[in-house]
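Asker: Structure below; questions to follow.
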């Protein structure tokens, strides 16, 4: 069985991989096949890829400068010449603002997705593995954070730190990590009493190695699923902070702030608030669909086939 | 022959001070190096707990334990884990679900400070009767018997002198059980290993061991040689009950 005589697909699906690289790639490829069979998840993935593409190529795609004001041309309806999605109260092109706003949305999502789950993973696994006093202290701190309504806590943080997109991200992250810590701790508690952890302890492995190499890989999949499902909530929280004037500041084309501006004349000029609303809806839905699909792929309980 | 394991007056407890469970009550036994010693009894009799106490997985114990001439304290050092290794009961639970056979064995070898990891992984797989084709498989691509072979390979990785076997075949099909037991016998001869084997199956113990301790409710009620066990010469009623319960199977093993 030489490599030349096999197609790439056969090589990846081989029951007897011959190298570390092949085994790893095969595992990824099988996950991809499962994900691809889920049409809804693929639709979600397509929207997210589109969003990323739009954000990267915003300067090329946007027909106008998102900050260019033209008061003589304000509140144009949908389908106006040169402004497909109309213009807002200052005569700025809504489509261009949506396209540039994709960058801000992605920025928020990426930063929160980097901070909250990692903090949660650290706190949760350490708490679950160490047990005893460490567990009690860390979990009570988590409880305190969980006891506050999320948006109110984020509001308090932003009010203390000052309005702005970075502080909004920080505030959302600070309120978003406790559920991840809980999840990671619950997973750790079931994992740490299992035989394979005992087995590696009997090889003389220390707690650091056990947590990073043996517990994290099993926690991460459920965290990834949870993150993608939470993305919608994070985007909405960011939009909510923007809407309240505590997130992105004008004239930045953040979608929540755009809704907030359009709210004043929503009855007469409905598209000004509706278009960014639809964008938020589409992206939130996309993350939810992808999260559902990823859960099917990554859940270790289902991967035994 | 020197003594591989010497245990005197071992008590093991579970739980905290309010709700203490006395799992093993003053157990005393010794195992010669190169011998196979069985621990038999019904479930909950404390036989696996003794293994846990030896390996340091059961933290609350008192008494004297001496392994390969070294008295055991509260902590086990790396040298201990190079001498003593354990094979767990359930091969479906004892392998990390996200690690390939190669990862499991390489990591173990790295922890024990070996350098020529590639060759050793191949050698270990050959030792337990798995070819190189299995090296990059994940546990879900292996059968129960193959998984247990991988678990045995992992236990053999540091070249231990003593192997603790916690019901190594009870989770497996009957046909596979015999294969694994024979593999363990061959490995013992090859690597000059000392076995302590926990089982509820007297037939398995009669097949594998030279002597056995019978346990009930955390106490060792009797230690007897396998010849006596096969001949039905026991001093204790409970042992007699156990023997009667599996009499025909012990006899068939004896006839082999």
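Asker: Mind telling me which of the residues A:211, A:200, A:144 ends up being touching a helix residue (DSSP H, G or I) at 6+ places or on another chain (Cβ under 7 Å) and away from chain B (no Cβ under 12 Å)?
Answerer: So the residue among A:211, A:200, A:144 that is touching a helix residue (DSSP H, G or I) at 6+ places or on another chain (Cβ under 7 Å) and away from chain B (no Cβ under 12 Å) is A:211.
Asker: Output the residue which, of all residues in segment B:112-126 that are free of Cβ contacts under 8 Å to residues at least 24 places away in the same chain and under 23 Å from the mean Cα position of the chain (by Cα), is surrounded by the most Cβ atoms within 10 Å (Cβ to Cβ).
Answerer: This residue is B:121.
Asker: Can you find a residue that is more than 25 Å from residue A:199 (Cβ to Cβ), at pLDDT 85 or above and in contact with a strand residue (DSSP E or B) (Cβ under 6 Å, 6 or more places away or on another chain) anywhere in segment B:39-59?
Answerer: No, because not a single residue in segment B:39-59 is more than 25 Å from residue A:199 (Cβ to Cβ), at pLDDT 85 or above and in contact with a strand residue (DSSP E or B) (Cβ under 6 Å, 6 or more places away or on another chain).
Asker: When you scan segment A:50-72, do you find a residue that is in a loop (DSSP other than H, G, I, E, B), more than 32 Å from the chain's Cα centre (by Cα) and more than 14 Å from every other protein chain (Cβ to nearest Cβ), even just one?
Answerer: Filtering segment A:50-72 for residues in a loop (DSSP other than H, G, I, E, B) gives A:57, A:62-70.
Right, trim to more than 32 Å from the chain's Cα centre (by Cα) and you get A:69-70.
Those still in the list that are more than 14 Å from every other protein chain (Cβ to nearest Cβ) too: A:69-70.
Scanning segment A:50-72, I find at least one residue that is in a loop (DSSP other than H, G, I, E, B), more than 32 Å from the chain's Cα centre (by Cα) and more than 14 Å from every other protein chain (Cβ to nearest Cβ), so the answer is yes.
Asker: Could you tell me whether any residue of segment B:168-189 is buried (at least 24 other Cβ atoms within 10 Å of the Cβ), within 14 Å of chain A (Cβ to nearest Cβ), touching a residue at least 24 places away in the same chain (Cβ under 8 Å) and over 24 Å from residue B:7 (Cβ atoms)?
Answerer: no
Asker: Any idea which of (1) under 18 Å from residue A:194 (Cβ atoms); (2) away from chain A (no Cβ under 11 Å) is the one residue B:154 doesn't satisfy?
Answerer: (2)
Asker: Determine whether segment B:3-26 contains at least one residue that is touching a helix residue (DSSP H, G or I) at 6+ places or on another chain (Cβ under 6 Å) and within 17 Å of residue B:85 (Cβ to Cβ).
Answerer: At the first step, the residues of segment B:3-26 found to be touching a helix residue (DSSP H, G or I) at 6+ places or on another chain (Cβ under 6 Å) are B:12, B:23-24.
Still in the running and within 17 Å of residue B:85 (Cβ to Cβ): none.
So far as segment B:3-26 goes, no, none of its residues is touching a helix residue (DSSP H, G or I) at 6+ places or on another chain (Cβ under 6 Å) and within 17 Å of residue B:85 (Cβ to Cβ).
Asker: Can you tell me which residue is farthest from residue A:12 (Cα to Cα) among those in segment A:26-40 that are within 14 Å of chain B (Cβ to nearest Cβ) and surrounded by 13 or more Cβ atoms within 10 Å (Cβ to Cβ)?
Answerer: A:34
Asker: Follow-up question, since we're still on this one. Sort out for me the strands (runs of 3 or more DSSP E) sitting completely within segment B:11-87 that have 3 or more residues that are more than 19 Å from residue B:158 (Cα to Cα) and within 13 Å of the chain's Cα centre (by Cα). Walk me through how you get there before you give the answer.
Answerer: Numbers: elements: B:21-32, B:36-40, B:61-67, B:84-87.
Passing ranges, in order: B:36-40.
Asker: If residue A:194 satisfies all but one of (1) in contact with a helix residue (DSSP H, G or I) (Cβ under 9 Å, 6 or more places away or on another chain); (2) within 30 Å of residue B:100 (Cβ to Cβ), what's the number of the condition it fails?
Answerer: Of (1) in contact with a helix residue (DSSP H, G or I) (Cβ under 9 Å, 6 or more places away or on another chain); (2) within 30 Å of residue B:100 (Cβ to Cβ), only one is false for residue A:194: (1).
Asker: Quick one: residue B:83 ticks every box in (1) surrounded by 22 or more Cβ atoms within 10 Å (Cβ to Cβ); (2) modelled with pLDDT of 90 or more bar one, so which box is it?
Answerer: That leaves (1) as the condition not met.
Asker: Let me ask something else about it. Which one of A:199, A:232 is in contact with a strand residue (DSSP E or B) (Cβ under 8 Å, 6 or more places away or on another chain) and in a helix (DSSP H, G or I)?
Answerer: On the way: A:232 fails: in contact with a strand residue (DSSP E or B) (Cβ under 8 Å, 6 or more places away or on another chain).
The conditions single out A:199.
Asker: Would a scan of segment A:137-150 turn up a residue that is under 15 Å from residue A:231 (Cα atoms) and either assigned to a helix (DSSP H, G or I) or without any contact (Cβ under 8 Å) to a residue 60 or more places away in the chain (or both)? Give the steps one after another, and end with the answer.
Answerer: Quick first cut of segment A:137-150, residues under 15 Å from residue A:231 (Cα atoms) only: A:150.
Next, only the ones that are either assigned to a helix (DSSP H, G or I) or without any contact (Cβ under 8 Å) to a residue 60 or more places away in the chain (or both) stay: A:150.
Yes, there is a match, as at least one residue in segment A:137-150 is under 15 Å from residue A:231 (Cα atoms) and either assigned to a helix (DSSP H, G or I) or without any contact (Cβ under 8 Å) to a residue 60 or more places away in the chain (or both).
Asker: Condition first: within 12 Å of another protein chain (Cβ to nearest Cβ), at pLDDT 90 or above and closer than 26 Å to residue A:12 by Cβ. Now tell me which residues in segment B:131-151 satisfy that.
Answerer: Those that are within 12 Å of another protein chain (Cβ to nearest Cβ), at pLDDT 90 or above and closer than 26 Å to residue A:12 by Cβ: B:147, B:150.
Asker: Let me ask something else about it. With the checklist (1) closer than 19 Å to residue B:152 by Cα; (2) more than 8 Å from every other protein chain (Cβ to nearest Cβ) in hand, flag the one item residue B:85 doesn't pass.
Answerer: (2)
The values are calculated or read from the model by the stated rules, or taken from the named source; none is laboratory data. Worth saying up front: this structure is predicted, and the values here are computed from it rather than measured. Cβ: placed from backbone, ideal geometry, glycine included. Neighbour counts: every protein chain shown.
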